[in-house]
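S.K.: Following this message is one structure expressed as structure tokens.
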Amino acid sequence: MTSKSKRLFLESLSRCKKREDFIDRFYERFLSASEEVAWLFRNTSFRVQRIKLLKSLEMIVLAIEGIPEAVQHLNERAVSHSRDHLDIKPELYDYWLESLLQTVVECDQEYNNEIEIAWREVTGFIIKHMIARY
């Protein structure tokens, strides 16, 4: 992964976070993407979930760069999402990614093809990490 992709991702994430409804809009899309996804979140505290998602998005680039705390954070997320815990099936990450990208299109006024590629590369890293530990 290139440093340009990481930079574009972080810059875009920063612009998205300026929209107070960024995470809410994502979850609206994600929960409506699949009945299974909606069911998995039926007892979720979204106040807590919003914080967890933002932290994980911020940690991805740090984990890619090998920062131990970030790697540990993402490893903990992978364990919590594995078949032995929340049982988040690998195919559900497609819904996650597409819902996230649709929300980035809406929230990042500078969105373009390069930014989409950067988001796909960076989030692809974490998706592969999660699936490998399923």
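The values are calculated or read from the model by the stated rules, or taken from the named source; none is laboratory data. Only a predicted model underlies this, so the values are computations on that prediction, with no experimental measurement involved. Here the Cβ is made from the backbone with ideal geometry for all residues, glycine too, and neighbour counts use every protein chain on show. Only protein heavy atoms, including side chains, enter the accessible area calculation; ligands, DNA and RNA are left aside. Shrake-Rupley method; radii C 1.70, N 1.55, O 1.52, S 1.80 Å.
S.K.: Which percent of the accessible area of the chain is formed by carbon and sulfur heavy atoms (probe 1.4 angstrom)?
M.R.: 52 percent
S.K.: Additional query: Which longest run of the chain has no exposed loop site in it, a site being trypsin sites (Lys or Arg not before Pro) in a DSSP loop with at most 13 other beta carbons within 10 Å, and the site itself not part of the run? Write down the numbers at each step before the final one.
M.R.: Working: sites that count: K18, R42, R83.
The longest uninterrupted stretch comes out as 84-134.
S.K.: Hey, another quick one. Under 26 Å between alpha carbons: how many lysine pairs meet that in the chain, if sequence neighbours fewer than 8 apart on the same chain are excluded?
M.R.: Final tally of qualifying lysine pairs is 20.
S.K.: Under a Cβ-only charge scheme (Lys and Arg +1, Asp and Glu -1), can you give me the dipole magnitude of the chain about the Cα centre, in debye to the nearest 20?
M.R.: I would put it at about 320 debye.
S.K.: Go through [x] 9.3; [y] 7.6; [z] 9.8 and flag the label whose value is the computed mean projected area of the Cα convex hull in nm² for this structure.
M.R.: Comparing each candidate, only [y] matches the computed number.
S.K.: If I take R0 = 22 Å and measure r between the Cβ atoms of N112 and A38 in this structure, what FRET efficiency does the formula 1/(1 + (r/R0)^6) give, to the nearest 0.05? Spell out each step's value before the answer.
M.R.: On the way: r = 31 Å, r/R0 = 1.42.
Efficiency computed from Cβ-Cβ geometry: 0.10.
S.K.: In the stretch 36-102, which GluC sites (Glu not before Pro) are in a loop and have at most 14 other Cβ atoms within 10 Å, using DSSP for the loop call?
M.R.: E65, E91
S.K.: Under a 1.4 Å probe, what is the accessible area of the chain per residue, stated in Å²? Before the final figure, lay out the partial values.
M.R.: Details: 7650 Å² over 134 residues.
I get 57 Å² per residue for the chain.
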